[in-house]
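Reviewing the structure listed below.
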Amino acid sequence: MIRRTTALAALTLTLTAGCARATPEQATSPAPPASPTASPVAAGPPWYDDVAPATAATTVGPKGSACTLSMTFSVPAKWKVEAVKGGAEFSLGPAVPLCEIDAKPAGHIGFLRVWQITGATPLNPQDTVDKYLAAFDTAKEQQYRRTKAGPLDAFEATWTEDGERKRAILVSTLYGKLMITLGGLDTEEFEAMLPAYQLVRSSADLPK
């Protein structure tokens, strides 16, 4: 079970996020590739590169939008975008939640969340992701790769938590690193929301 159950309940209600501690698997995770090259298409789990992006409807990140960020990206219609208030209270490792994008109005149970990476950022992006994953008791089967989010250099992770597939992408911007995570109620919901995640990944850019 994830620790900080009370915080997690508050997280869902107040558009934030919560969790618990680390697992031995993280210490033995394979090192990422040395160069930031995009990975080839991988059909099905764990990367689902064959899943096409959803159709864009809302842009997240520009000034005046629900969440002002140091990057922009698109989300599908009906996904509800809201800024996280008091995000520092729900930080997980170096990650502080900035924005939560709820899939419920679109008929799914899950969230895309945007996190600001704070503190001294390790040179190896896997270390940053692992510090975030250390907040979970049940994070297993971690895999990593260097990739792109739109034209931006990025580092991606996939893992299971309580047997359910999760996803994160760490993106470098002019004002530090942001991480975007995807999680759903179960594997079926996760897979149903993957087109939205692929849209975020492909549409990411710096603010114009």
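The values are calculated or read from the model by the stated rules, or taken from the named source; none is laboratory data. Source: prediction; values computed, not measured. The accessibility values were calculated without ligands, DNA or RNA, using every heavy atom of the protein model including side chains. Shrake-Rupley method; radii C 1.70, N 1.55, O 1.52, S 1.80 Å.
List of remarks:
- Linear extension gain, residue 78 paired with residue 188, 0.36 nm per residue minus alpha-carbon span: 37.7 nm
- Residue 140 accessible area, assembled protein chains, probe 1.4 Å, Å²: 100
- The accessible-area ordering, largest first, of the residues 175, 197, 144 stands as 175, 144, 197, per a 1.4 angstrom probe.
- Residue 101 exposes around 0 Å² of accessible area when a 1.4 Å probe is run over every protein chain in place.
- Over region 136-196, the alpha carbon radius of gyration divided by the compact-protein estimate 2.2 N^0.38 Å works out to 1.19.
- Carbon + sulfur, % of accessible area of region 45-196 - ligands and nucleic acids excluded, 1.4 Å: 52
- Note on region 53-189: Rg/Rh from C-alpha atoms, Kirkwood Rh, equals 0.93.
- Region 58-97 - Rg and Dmax from Cα coordinates, angstrom: 11.5, 31
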